[in-house]
Amino acid sequence: MQSEYYFLPRGYVANPAVSFDQNEDVYWDQARVENSLAYQAAAYDWALSLVRQHNLTSIADVGCGSAAKLARLHSAIPTVETWGLDQPNAIKLCQSHYSFGQWFPINLDCPDSLPEKTFDLIISSDVIEHLENPDSLLDAIRRMSHSDTLVLISTPERVCLRGFGCLTSPNLCHVREWSRTEFSDYLVSRGAKILEHKVLPAFDYCHNMRFFKRALRRWVHLKSIAYNQVVLMRMSTMLLESRPASWE
């Protein structure tokens, strides 16, 4: 069953995939770009600390969107080679807004064309839950990895975000959402060696009043804003079997 293949609970119902490859002037308006800086801010702070700690020299952000967070990261470490990869319209936006970096258009659901190089750090922040076939993202990360590449991948932690017993995502843009244990099991089954696994704040509540109110609503109901699970890992550079026969 599909749920078992992705290590989700029996009976989990995935949503149909929704394309984000819209006209950049419609989807990535000024407000959306500005607000994107609040989401997964803690994950990018971790990325910055990894670059400094390990003296990394190249970064690829797979699913960079408007690249607002990548731009902030670049401003802190301008000598690091920086690549952003995303759907074509997002990449057009990045090319028109930023003078730094290399911008590479890909189909996130089937990334057959990738940069012909490897990177020291690969970030994929809250992308995998949007994909009909998340294995394709992990395969792309594998192809851009060398033996010491660090990978930082994040996705919502379903139980922290929605509580126990949730068997489908009310966010129709999310195909599937994993608990911490489920996501770890899924990644390991695909050849990942997990180095650290944290649950961090999903957004910066100090970004503006909108996000403060959002945090306040959760706090009033005794819920944390720490529901973004972030995994630091290395991917095996060996190509794995895509689907064990026992899961057919």
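All of the numbers you see were taken from the coordinates with simple rules; none came from a lab. Quick caveat: nothing in here was measured; it's all calculated off a predicted structure. Glycine also receives a Cβ, built like all others from the backbone with ideal geometry; neighbour counts cover every protein chain displayed.
Put in order of Cβ neighbour count within 10 Å, fewest first, the listed residues V33, V220 become V220, V33.
Of G63, G191, G163, the residue with the greatest mean-square motion in the GNM of the chain, using alpha carbon springs below 10 Å, is G163. For region 94-151, what does the alpha-carbon gyration tensor say about shape, rounded, prolate or oblate, given a ≥ b ≥ c as the root eigenvalues, a/c under 1.5 as rounded, and a/b over b/c as prolate? Oblate is the answer for region 94-151, as a/c is 1.5 or above yet b/c matches or exceeds a/b.
Along its three principal directions, the equivalent ellipsoid of region 1-111 from the Cα gyration tensor extends over semi-axes of 27, 20, 13 Å, largest first.
For the options I128, I141, I77, a Gaussian network treatment of the chain with springs between C-alpha atoms closer than 10 Å singles out I77 as fluctuating the most. In this calculation the C-beta distance from E132 to T168 is compared with R0 = 22 Å, giving a FRET efficiency of 0.90.
Applying 0.36 nm per residue to the separation of Q30 and V220 and subtracting their alpha-carbon distance, the gain on full extension is 65.4 nm.
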